[in-house]
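**Q** Input: one structure, supplied below.
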Amino acid sequence: MKTRSSARGEPRRLGNAALLVLMLCSVVALSLIRGRFAPIVTSAGDAIKSEDDAAAAAVAVSKVAVNVDTGDGGDDAAAEAAAEEKQEEEVQPKPADGSDSGGGGAAKPVCYETSRRSDTCEAAGDVRVVGSTQTVYVDSLDREWKTKPYCRKHDNFALAHVKEWSLKPLPSGSGSGAAPQCTVNSSATAFVLSTGGFTGNPFHDYTDVLIPAFITAHPLRGEVQFLVSSYKSWWMNRYIQIFQQMSRHEVVDIDADDEVRCYRSVVVGPTFHRELGVDASKSPSGYSTADFRKMLRDAFGLERATATPSGDRWDIRRRPRLLIISRRPSRGRAFMNERAMADMAASLGFDVRIGEPDTSTDTSKFARLVNSCDVMVGVHGAGLTNMVFLPAGAVVVQVVPYGRLEWLARNTFAEPSAGMEVHYLEYVVQLDETTLSEQYPSDHPVLRDPMAIHKQGWNALKTTYLDKQNVRPHLGRLKNTFLQALKMLPHGRDD
């Protein structure tokens, strides 16, 4: 058996120790050299810059990864649009009064801006509505909110005719400071809106009240009670079928109501999307203008969803029907050759009707007339709002008065027509077709420089080009427009 001698291992231990000492000395020397010659961070800013550079590098890497995943790296415009869309989706609701919503910005405020036109307040809990004082008490509130429930929040003239409503914390005291006691209880959602403002004009009836009411009420599936402020009985009688279609509950003239109405949830103020339309991308379940129009057909018993002729070739409905929206000359924007227009349209094969809607018109009856038509023609004005009753695939022809008013025509009726699935044509009145040429000398700015009148403001524009102007379209030019409308319809085609 071999054994290792301890005497021989002693010198080896001494050698190892010397090696360790040498290594330690080398480490110390290197540290001194690094301290003498290495760069020194001289300020906090330099350190921050270094961190920022690292963060920027990380962001750059992240962007590259996103571009690789989505294939958007070569299309900066598309990337920007997507970023803006995402930012719009992620933005927190803006408090209607401009205050901080609290909760670190995470909680949605009670009252918030739902569009450039509208503020909406939503609350749930023990809700008590005292209509005589335009007050809503809610036990879950910790502060007071105020709003005017009408969709023209920046129009002071309109809002002067709209009452302000308050949402307040439910009192917990006794005696005079006690909470009002419920006299009527409901399981529906209370919905406070106003029919003040510009109501009475059909365009504003739909744009400011009826369509926003639909946007808010539709998701509630009838379990909503309309509490109408600035109530007008004649106005409600005109549109009661629409409200009955949206709700299973009675409509309440809330300002004149003596009850304390109690609910589990409340909405104060409807939501606006766009002129005469519903934006499906902003709707909770993607409902759209088409859904609103279906609701109108149900409300008024309208038979035609689409502009298709009868299957019977001998039926008079094989002939397309054209409706001329008439106006009295004293109101402005009237057709001065209305009868000649009707005769010309009849010569093209149209079954012609002439209608003049006004405040005394039976809405249901006129809606049925419009729905029976395939083409509707009228000068720019509230009467064209009746396009909401046209069947899908019909044609609306807007006659634009003289005075560079194409922008107004586009915003009010041209753009909404797409959402209604209605074809749109435009006939722009020329200088020799307007009665303004009979009122002013040929070199007057009203005729030669309409934009000079525009610069004087809305009142000058409205008075000159909308209130004082009637039109006499050239039958030859108008015939071409009617022929174009005829080609858009399925009438006369072989089935």
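**Q** Looking at this structure, is residue 410 closer than 26 Å to residue 340 by Cα, open to solvent by 10 Å² or more (accessible area, probe 1.4 Å) and either among the charged types (D, E, K, R) or not assigned by the TED database to the domain that holds residue 477 (or both)?
**A** It is false that residue 410 is closer than 26 Å to residue 340 by Cα, open to solvent by 10 Å² or more (accessible area, probe 1.4 Å) and either among the charged types (D, E, K, R) or not assigned by the TED database to the domain that holds residue 477 (or both).
**Q** Just to be sure I understand the filter: pairs with C-beta atoms under 6 Å, separated by 6 or more residues or on different chains, first member in the range 425-444 and more than 22 Å from residue 381 (Cβ to Cβ), second member open to solvent by 70 Å² or more (accessible area, probe 1.4 Å) and of a type in the set (Val, Ile, Thr). Which pairs pass?
**A** Taking only residues 6 or more apart or on different chains, not a single pair turns up.
**Q** Given the conditions (1) without any contact (Cβ under 8 Å) to a residue 60 or more places away in the chain; (2) open to solvent by less than 10 Å² (accessible area, probe 1.4 Å), which single one is not true for residue 198?
**A** Status for residue 198: all satisfied but (2).
**Q** From the list 381, 355, which one is in contact (Cβ under 8 Å) with a residue 24 or more places away in the chain, crowded, with 21+ Cβ neighbours inside 10 Å and touching a strand residue (DSSP E or B) at 6+ places or on another chain (Cβ under 9 Å)?
**A** After ruling out the rest, the residue left standing is 381.
**Q** Regarding residue 334, is this residue outside the structural domain of residue 170 (by the TED database), open to solvent by 10 Å² or more (accessible area, probe 1.4 Å) and among the small types (Gly, Ala, Ser)?
**A** no
**Q** Assess whether residue 267 counts as being in the same structural domain as residue 192 (by the TED database), open to solvent by 10 Å² or more (accessible area, probe 1.4 Å) and under 19 Å from residue 218 (Cβ atoms).
**A** yes
**Q** Could you pull out the residue among 319, 293, 328 that is among the basic types (Lys, Arg) and at pLDDT 95 or above?
**A** 293
**Q** Within the range 263-279, can one find any residue that is assigned to a helix (DSSP H, G or I) and either of a type outside the set (A, V, I, L, M, F, W, C) or over 15 Å from the mean Cα position of the chain (by Cα) (or both)?
**A** no
So that you can scan it fast, the table gives a plain yes or no per residue for (1) out of contact with any Lys or Arg (no Cβ under 8 Å at 6 or more places or on another chain); (2) modelled with pLDDT of 95 or more; (3) on the phi > 0 side of the Ramachandran plot; (4) assigned to a strand (DSSP E or B):
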{"position": "98", "(1), (2), (3), (4)": "yes, no, yes, no"}
{"position": "108", "(1), (2), (3), (4)": "yes, no, no, no"}
{"position": "127", "(1), (2), (3), (4)": "no, yes, no, yes"}
{"position": "136", "(1), (2), (3), (4)": "no, yes, no, yes"}
{"position": "142", "(1), (2), (3), (4)": "yes, no, no, no"}
{"position": "163", "(1), (2), (3), (4)": "no, yes, no, no"}
{"position": "180", "(1), (2), (3), (4)": "no, no, no, no"}
{"position": "191", "(1), (2), (3), (4)": "yes, yes, no, yes"}
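The values are calculated or read from the model by the stated rules, or taken from the named source; none is laboratory data. Every value quoted in this text rests on a predicted model; they were computed, and no experiment measured them. In this analysis, Cβ positions are derived from the backbone assuming ideal geometry, glycine residues included, and neighbour counts consider all displayed protein chains. Side chains are part of the model used for accessible areas, which takes the heavy atoms of the whole protein and leaves out ligands, DNA and RNA. Shrake-Rupley method; radii C 1.70, N 1.55, O 1.52, S 1.80 Å.
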